[in-house]
Each structure stands twice: as C-alpha cells, then as structure tokens.
Amino acid sequence: MGWIVDFYEAMPPGARDAVAWFATVLGVGVVGVAAWFRKTLSAAAASAWHRLTAILDHQTHPVSDKHLRRRVFGREAQMAALDATLAAGRTAAVAPTAGVVGGAGVGKSTLARHFMQQRGGNYDRTAWFDAESAGTLMQQMADLPGLDLAAEGPLADRALRAKACIEGEGPKRWLVVFDNVEDLTLVDRFMPTGAHIHGIFTTRQTVAETPSRTPVVTPPLDPAEAVALLQAEAEREDPDAAALAEDLGRLPHALVQAGEWLSLNPGATFAAYREKLVDVIDEWPRIEGEPDDYYRPMGAAIALNLEEVAKDRRTGPDEQALLRLLPWLAPEGIDAKLVLDVADGQFASHPDYAPDIPADLRSLAADPARLHRALTRLGERALAAASPDEDGPNRTVALHRVTALVVRRRLARDAPALRRAAAAVVAAGYPGEAKHVQYSA
C-alpha cells in the first residue's frame, strides 16, 4: 500500500519536480493524474497515490514563516553588505540579487530573516519563498496572494506571470527572498527584477560576482561573537566558553544547540559538556561529500539534545512522537492543525489512513494542551523553531535541515514505517487544503 510513497520519498528533489512537471504537461495537474490512477489501479494503489498527492500538495503550499525568536549575534558586516548591495540596485535602476552564501548551520536563512525583520518596514510588500526545489518555488509564486494571476496553465508559466506582475507593480517597493536555493538557474529565471525590487537568496552554492549579483559570504561567527551567542543561550558565563565555541566550529546552529543544553542543565559546566561532545563526535559518522570538521560538531550537539528528550519523562514521549513525524515532512515546516486534525475522531471520512499513524501521535493529536507543551519544549531545546502557543492551531513548527538529517539518521531502521505515517498524517489532515507563502501587503 505504501510503495508509491516510499518510491517518492526516495526520489531526489529534481525527480520530484519531474513528477509535478509531468502532471502539468498532461494539462490535468496532480489531482487529474490521481483520478486516472483511481480508474486504472487497485484500490490499495490508488490510496497510496492519494497520499502521494497530499504530500505534494503540502510541500508546495508551506506555512508562513513567522518566527525569528532568537537574538542574532554579529552579522553587522553582512547586514551592511546587504544594505550596500541593494542600495546600489536602486541607484542603478536594476535590483541586484544578493546571494547569502555559506554551508548548512552557518546562519544563512537566519541572516535573511533578520534582514526582512529589521528592514521589512522600508518596503510596501515582502515575500519569502522556499526555493530548495523548482516545484516548490513555482507553486508558491503561482499561489502568491494579492496579484491578479490566472489559476490555469502550466506551473512554470503561472510562476513567470507572478514574476511579471511583481515587476509591473512599481513604484511599490518589494523585498523578495528565495531561501535555500540549490539550482542557481532558478534565480536567473524566476527572481523578479526592477528598480522597485530588492532580491535576496540564500544558497550553499558558490556565487560569482556579476553586474547584477553580489555574493554576501556568511562565515562562522567571530570568536567573540560565538562566545556571546553561546553564553546568551546558556544564560551564564563560563571560563571554558571560548574553547567550547571553537569545538563547535563557531557555527550558530551548533552554538544554539549547546547553549540550550547548558541552559536546561544548569549544574553542568562547559568543560563537562565538552567532554560529552568529544565522546559523541568520535562516534559520529562522516557525511559523504562534507568535511568532517563541519558537520560532526553540529551533529553531535544535536544528538546530545536528542538524548535529553529521551530522558524527560514529562514531555519527552510527546516530543519524540513529533520528532518521528517532522523530519519526513516539508523542511519549511507545518502548523499545529496538521497534527490536531488527525485525532481519532477525524478519521470518519479517511479510515484507510488510521492504521499507518502511531497510537502515540493519535493520542497527542487528541490533546491540544499536551501538543503545545511538547512544541514549546522542542523550541526551548532548539530542536525546532516553534511560534508562540497563543497562535493555537495556526502555531508553526519547523526543524532545521541539519536537525532533520540527524533525526532521520537515528531513525533509519524505522524509516519506511515513519514515512508512511507522515504521508498518512498529511493526507488525512489536509486533503486538498491550500496553504500559502508568507506575504505582507
């Protein structure tokens, strides 16, 4: 029953885009392809395909990214570089695109969000797009509210019409962000340009200087900035802070992980944490294609926080239920409603999804107070970015991509069942419901 879901999950992003592209070329979209499958395949295969379409629908309609809760340390030079690059675009009447460049965990997306938070008031409209895959980016652009866009036609054409509409909105000032760009040709093709538009994209790729594009390199933090971030997260000073910051490569994501662990364990010294970190690093497997000294400290810091979850008898089981779900969903995050909607009573019209969803997750879905406590705790541990609980069912939660990678590695043995569970949650919780990109008008 889950073979199509498993096949889809194993696809690289480009292959997933090809699935969406094929459906668009047929002129019927993913839903139309699903209808064809229902007519030609067995009921079990059709059910699996329905789950696949739900995953696609969820991945291409992300929730709003509303939270930048932690203070940003350093990055004054990068903020100034972004200001200078975008200001040069205004004087030249061509908006250059500032590429925020750096590896995972170095704070590229955080810098872009910080810029939007600090400078967003200078613009009439802002829009944030998740650009890790072409399909996600194009769908978000096609669904951008507030523009006069036709709802029909090939997805790429609809995205290009959105680009043209933004370019035609002068003199209204726009700030547009493409986050986590893997394929730089997407920037060339879809990033709106014009004197009234400022564009930023984040990427791990090498970006060359061009007349219309300036790379803003985002290195690890300076030693003093790294110590300040670590001690702020730990809520105390320690003579071994500088040494621990170096152990962690001065990477913001790793420093936050360590700081939160120390904050939740006030009796532990920084030196004691260093010993724990070294033990985990020594056992940490190398990630193919990445330097050992880059990912291993960050992965080890995340692993130590995951161990704390397992020890917590109060909220730990509920946190673990969420951590078995979140890594298999879209990296831009979900809202609490996705979980709340799969409580036992919600399966009246979708009984075929219930068997694949673990009992602990169904129990958590039936108790909003427990769910929100678990989300809050994951946020406190820096294992997830969670918006305030007053958002209720619209509360958002997302895992950092490296955190999701670490969790998936730890759960590798159970991955097939967990992928099916995640697909069933999405299919049962959001059958056909659209979700839109962050947008302010």
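The values are calculated or read from the model by the stated rules, or taken from the named source; none is laboratory data. Please read all numbers here as calculations on a predicted model, not as lab measurements. All Cβ positions, glycine included, derive from the backbone under ideal geometry; neighbour counts span all protein chains shown.
Among the candidates G105, G89, the residue that is at pLDDT below 75 and over 15 Å from N180 (Cβ atoms) is uniquely G89. A residue that is out of contact with any helix residue (DSSP H, G or I) (no Cβ under 7 Å at 6 or more places or on another chain) and at pLDDT below 85 occurs nowhere in the range 308-328. For P171, the stated conditions hold: it is part of a loop (DSSP other than H, G, I, E, B), closer than 24 Å to Q140 by Cα, in the same structural domain as T85 (by TED's automatic domain parsing) and at pLDDT below 90.
Is it the case that the range 229-239 has a residue that's among the acidic types (D, E), within 22 Å of the chain's Cα centre (by Cα) and within 23 Å of V278 (Cβ to Cβ)? Yes.
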